[in-house]
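A short worksheet on the structure shown next.
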Amino acid sequence: MKSYSVTDIGRRRQLNQDYVFSSSNPVGNMPNLFIVADGMGGHRAGDYASRVTVETIENEIKNSFEKNPSIIIKKAIQKANIEIRRQAALDPNLAGMGTTVVVATVIGRYLQVANVGDSRLYVANSQEIRQITRDHSLVEEMIRLGGLKREEARLHPDKNIITRAIGAMENVDVDFFTVELNPTDKILMCSDGLTNMVDDGQILKILNMFPEDKTLVETAHALIDAANENGGKDNIGVVLVRPYEDEVKG
């Protein structure tokens, strides 16, 4: 397994509110762990929310005695939600802060994913790219109800309005997904600073641009460069994983 994570401030923002984590090695009872969070809030509240959320999730997973990965992740996300709300209540500068989060782990042939908000996880190979997570956003609801075509959503003026976030409500509703992986699959996790600037077709081209012997670093930075070249209106957070790279090469 190979992984790489990076964030970029973009071209329009003064503050980077994206926070990422990647570990190809075990974290607690999880064989690996990958997280992307995209914070929101005034002052420095957004970057604080994303960082504290990721650190809380990592720490909770590290110290969990649970064996079931879905239970481990759910409890960790719930703990992060409690912590964000607690700190927001204590400090007026942090009031109203929140963050999206997407969490993933690869266990054998299966990918376990959880998400809150509109940060995404994709699975891609040389032929196709599939969005696994479902955005918790106003435009996604409009698409579901038939009021908006999917190809129009990326440019919709309300595309940044999310319907779920860590810290927004006392109880956080988490979506879970399980995906069976193929040996050549790649995993991309990202904030909307990438997907609002680069469509899925272009993302797939970039993912397949570099030969397998090239590092994930080049691919990740090519994605960031594309988002910035298209306007870079937001921070960009990227985690790339090749789950079976060593096995494929062997």
Evaluation of Ala153 against (1) surrounded by 13 or more Cβ atoms within 10 Å (Cβ to Cβ); (2) at pLDDT 90 or above; (3) not aromatic (Phe, Trp, Tyr) (one fails), failing number:
(2)
Of Val239, Val198, Val179, the only residue that is at pLDDT 95 or above, in a loop (DSSP other than H, G, I, E, B) and of a type in the set (A, V, I, L, M, F, W, C) is Val198
Can you find a residue that is within 26 Å of Glu58 (Cα to Cα), crowded, with 24+ Cβ neighbours inside 10 Å, touching a residue at least 12 places away in the same chain (Cβ under 8 Å) and among the β-branched types (Val, Ile, Thr) anywhere in the stretch 119-139?
no
Just name the residue that is modelled with the lowest pLDDT out of those in the stretch 65-99 that are closer than 25 Å to Asp47 by Cβ and among the acidic types (Asp, Glu).
Asp91
Check whether at least one residue in the stretch 118-135 is small (Gly, Ala, Ser), in contact with a Ser or Thr (Cβ under 9 Å, 6 or more places away or on another chain) and part of a strand (DSSP E or B), and report yes or no.
no
Please go through the stretch 32-45 and pick out each residue that is touching a residue at least 60 places away in the same chain (Cβ under 8 Å), in contact with a helix residue (DSSP H, G or I) (Cβ under 9 Å, 6 or more places away or on another chain) and surrounded by fewer than 23 Cβ atoms within 10 Å (Cβ to Cβ).
Met40
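The values are calculated or read from the model by the stated rules, or taken from the named source; none is laboratory data. Not measured: the values here are computed from a predicted model. Backbone-built Cβ (ideal geometry, glycine too); neighbour counts: all protein chains shown.
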